[in-house]
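Asker: I have a structure here, written as structure tokens, and I will follow up with some questions on it.
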């Protein structure tokens, strides 16, 4: 990895982390084209820079994020499924992270789902969008169910935010409330994923050079700044327009990726 590649991946992370289009999927695609996807540090980098994107949520919603123990316990309950399944399926997940084809297929399937979501849960939008504390009324049972939906994102290309937002909507939350709870849930989820990845990296005998540390610092700062803009834009758009444009985008990208792989340039992890 070099500085240009680090900057490209960080910008991609900042834009896509909170959109229902899969940040991991996009970084796998980008790193595959740059021929660095198979590098152990690249795999670490794409996880760790999510911390920068996560901190943007804390900054934007700090008054609502630091509110009550009950709220944190609900986030903990929603986080538990990812911890359990992540530990059980760690090797399977790592193998899937090396397949642009898995990403392409999942992008298409998820896109088809997003084309239908707005119609399926149209009744949810009659709820009070103007209530800034709507997410505090989420029950522990609802939080746990959203947590299980989030686990679908262990399949690259699914989108953590997309899975958890749709999970919230199945529990009668409107788009905005479901999206904001998904953002809050990203904080413990990504902190946990980062800690686990760093532990595995060092356990495998790797160490970080000063240059790699610089890459991580630059990546987190850029992801933070870009995510600040992306979150605000996404919430406004989602509240007014819904998911369809993201569904079309996912389908087009997935089909294009398959076409490129099979007819133009075979994407491989090298």
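Asker: Determine if segment 127-135 includes at least one residue that is modelled with pLDDT under 80 and in a helix (DSSP H, G or I).
Answerer: For segment 127-135, residues modelled with pLDDT under 80 and in a helix (DSSP H, G or I): present.
Asker: Among the residues of segment 87-103 satisfying the criterion of being part of a helix (DSSP H, G or I), closer than 15 Å to residue 151 by Cα and touching a helix residue (DSSP H, G or I) at 6+ places or on another chain (Cβ under 7 Å), which is modelled with the lowest pLDDT?
Answerer: 96
Asker: Let me ask something additional. Checking the structure you have, find out if any residue of segment 170-183 is farther than 25 Å from residue 228 by Cα, out of contact with any helix residue (DSSP H, G or I) (no Cβ under 6 Å at 6 or more places or on another chain) and either assigned to a helix (DSSP H, G or I) or at pLDDT below 90 (or both).
Answerer: First pass over segment 170-183, keeping only residues farther than 25 Å from residue 228 by Cα: 170-172.
Among the residues that remain, those that are also out of contact with any helix residue (DSSP H, G or I) (no Cβ under 6 Å at 6 or more places or on another chain) are: 170.
After this cut, where a residue has to be either assigned to a helix (DSSP H, G or I) or at pLDDT below 90 (or both) as well, the list is 170.
Taking every residue of segment 170-183 in turn, at least one turns out to be farther than 25 Å from residue 228 by Cα, out of contact with any helix residue (DSSP H, G or I) (no Cβ under 6 Å at 6 or more places or on another chain) and either assigned to a helix (DSSP H, G or I) or at pLDDT below 90 (or both).
Asker: Continuing with the same structure: Out of the helices (runs of 4 or more DSSP H) lying entirely within segment 1-69, which hold 3 or more residues that are buried (at least 16 other Cβ atoms within 10 Å of the Cβ) and at pLDDT below 90? Walk me through it before giving the result.
Answerer: Numbers: elements: 3-16, 23-33, 40-48, 50-60, 62-65.
Once the helices (runs of 4 or more DSSP H) in segment 1-69 are filtered for at least 3 residues that are buried (at least 16 other Cβ atoms within 10 Å of the Cβ) and at pLDDT below 90, what remains is 23-33, 50-60.
Asker: Next question, about the same structure. Which ones in segment 140-167 are touching a residue at least 12 places away in the same chain (Cβ under 8 Å) and over 18 Å from residue 190 (Cβ atoms)? Let's see the steps before the verdict.
Answerer: Step one: filter segment 140-167 for residues touching a residue at least 12 places away in the same chain (Cβ under 8 Å), giving 140, 142-151, 153-167.
Hits for segment 140-167 are 140, 142, 144, 145, 166.
Asker: Same structure again: Being assigned to a helix (DSSP H, G or I) and either at positive phi or loosely packed, with under 13 Cβ neighbours inside 10 Å (or both) is the filter; apply it to segment 196-210 and report the residue that is modelled with the highest pLDDT.
Answerer: Checking each candidate, the answer is 210.
Asker: Would you point out which residue out of 157, 192, 168, 162 is crowded, with 24+ Cβ neighbours inside 10 Å and more than 12 Å from the chain's Cα centre (by Cα)?
Answerer: 168
The values are calculated or read from the model by the stated rules, or taken from the named source; none is laboratory data. All values derive from a computational prediction rather than experimental measurement. Reconstructed Cβ throughout: ideal geometry from the backbone, glycine too, with neighbour counts over all protein chains shown.
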